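The values are calculated or read from the model by the stated rules, or taken from the named source; none is laboratory data. All values derive from a computational prediction rather than experimental measurement. Neighbour counts run over all protein chains shown; Cβ positions are idealised from the backbone, glycine included.
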Amino acid sequence: MKDLLDQASSVHNTHFDGSVRFERSIFTNWTCAIADCKYCYLSTKPKHRPGNETTALRSKESIWAEALLCKKMGWHVSYITGGLRVERIEQLIPILEGLEQVLGYKVMMNYGPFAKSEIQKLAPYITGMGSAIESFDEKLHNEICPSKPLHTLTRYLEVVHEEGLKTLITIILGLGETKNDLGMICENIEKYNIDIVQLCFLKPQEGTPYANVPSPDTKYMAWWVAQLRVKFPTLYIKVALVPECTDNFHLLLDAGVNAFSRFMIYKHFGTDLAKTLVKECSSRKLKGEFLNVPELEIGDLPFGTETNEKVEIKFWQYVKRLQHKPRRN
Ligand code: SF4
């Protein structure tokens, strides 16, 4: 393992600038029209019926306020995400336009498969699209996600690439794969022109068949990252942070990750866990704030007066939560 990590580290240092960044995923809803993927938290929630109004949608103002918080704290917003087929395309476009105005850059979308006509409508507002792929083992995948068969996801990735957008996949380790699957996964990364791979640990969710399945450990994740880094020197590799594994996070940096997600900002900002994370990242330049909230000013917002006020109110509520101060509505 040490030789593999040394090799991966050397490949990473040759191709990247020695930094690591936190990438925040912004959720736009908390329901799903599929809602039967066996490992997923949203499969334990009431299913969304397309065409019906839902209360499980986030306001545009709160989404933009969260983006503003990320910008002020030096965190990158990678994509918007949530359950599949909840918002209509006409609802997603203004959200994406507002995000670009707040952030100064376009983000990706990571909900799962969209039709070609939908991808073409969304393409001007995003840099890429992705999906949880769960596993490239078709039998395993289709058992886990009976309403989201693998072939629909791979076709979707092909269209995303054909439309000139970046492709993102999320592979969830711990669902039943083995190290022997490495060759098959690498073949698919090549075949579908994947630009970004996000690796997550299975997070056992109450109420799912995986509730009592233990998550794999950091060394196992590092093995996967290092293998991908050596095989694909310029692939962008992200990992989802697991709080219990933070004190081994340097292994993932040695293995060649570019970024991490799932730092629980309201729970862990400024805590001992954040201090451990910062220490673990000492071999790289860690971008953004994790320990102290700097002096913040909102500056001019690009929306109308009423919307700007709503965004501002939400923004300061989020800042208070970061500081672990009680909210005042
Ligand atoms: S489609 Fe996505 S959000 Fe919906 S249940 Fe499956 S994994 Fe969860």
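Within the range 9-22, identify whether any single residue is within 16 Å of the ligand (Cβ to nearest atom) and surrounded by fewer than 20 Cβ atoms within 10 Å (Cβ to Cβ), and answer yes or no.
Restricting attention to the range 9-22, the residues satisfying the condition of being within 16 Å of the ligand (Cβ to nearest atom) are none.
Taking every residue of the range 9-22 in turn, none turns out to be within 16 Å of the ligand (Cβ to nearest atom) and surrounded by fewer than 20 Cβ atoms within 10 Å (Cβ to Cβ).
Please determine, by comparing only the residues of the range 27-42 that are within 23 Å of VAL239 (Cβ to Cβ) and free of Cβ contacts under 8 Å to residues at least 60 places away in the same chain, which one is nearest to the ligand (Cβ to nearest atom).
Filtering the range 27-42 for residues that are within 23 Å of VAL239 (Cβ to Cβ) and free of Cβ contacts under 8 Å to residues at least 60 places away in the same chain, the one nearest to the ligand (Cβ to nearest atom) comes out as LEU42.
Here's a check for you: in the range 58-68, which residue that is out of contact with any Ser or Thr (no Cβ under 7 Å at 6 or more places or on another chain) and hydrophobic (A, V, I, L, M, F, W, C) is farthest from the ligand (Cβ to nearest atom)?
LEU68
Do you know which residues across the range 149-182 are touching a residue at least 40 places away in the same chain (Cβ under 8 Å), assigned to a loop (DSSP other than H, G, I, E, B) and over 19 Å from the mean Cα position of the chain (by Cα)?
Selection gives GLU163, GLY164, GLY176, GLU177.
Is one or more of the residues making up the range 117-132 over 20 Å from ILE34 (Cα atoms), in contact (Cβ under 8 Å) with a residue 24 or more places away in the chain and in contact with a Ser or Thr (Cβ under 8 Å, 6 or more places away or on another chain)?
Taking every residue of the range 117-132 in turn, at least one turns out to be over 20 Å from ILE34 (Cα atoms), in contact (Cβ under 8 Å) with a residue 24 or more places away in the chain and in contact with a Ser or Thr (Cβ under 8 Å, 6 or more places away or on another chain).
All but one of (1) out of contact with any helix residue (DSSP H, G or I) (no Cβ under 7 Å at 6 or more places or on another chain); (2) in contact (Cβ under 8 Å) with a residue 12 or more places away in the chain; (3) more than 9 Å from the ligand (Cβ to nearest atom); (4) under 30 Å from PRO302 (Cα atoms) hold for THR55; state the number of the condition that does not hold.
(2)
Inside the range 59-84, can you point out the residues that are touching a residue at least 60 places away in the same chain (Cβ under 8 Å) and under 16 Å from the mean Cα position of the chain (by Cα)?
GLU66, TRP75, HIS76, SER78, TYR79, LEU84
Only residues that are modelled with pLDDT of 95 or more and either more than 14 Å from the chain's Cα centre (by Cα) or over 19 Å from TRP223 (Cα atoms) (or both): list them for the range 189-207, please.
Of everything in the range 189-207, those that are modelled with pLDDT of 95 or more and either more than 14 Å from the chain's Cα centre (by Cα) or over 19 Å from TRP223 (Cα atoms) (or both) turn out to be ILE189, GLU190, LYS191, TYR192, ASN193, ILE194, ASP195.
Report, by residue number, each residue of the range 85-125 that is within 15 Å of the chain's Cα centre (by Cα) and within 16 Å of the ligand (Cβ to nearest atom).
MET108, MET109, ASN110, TYR111, GLY112
Assess whether ILE93 counts as being modelled with pLDDT of 95 or more, buried (at least 22 other Cβ atoms within 10 Å of the Cβ) and out of contact with any Cys (no Cβ under 8 Å at 6 or more places or on another chain). Please lay out each step first, then the result.
Working: modelled with pLDDT of 95 or more: yes; buried (at least 22 other Cβ atoms within 10 Å of the Cβ): no; out of contact with any Cys (no Cβ under 8 Å at 6 or more places or on another chain): yes.
Here the answer is no, as ILE93 does not meet what is asked.
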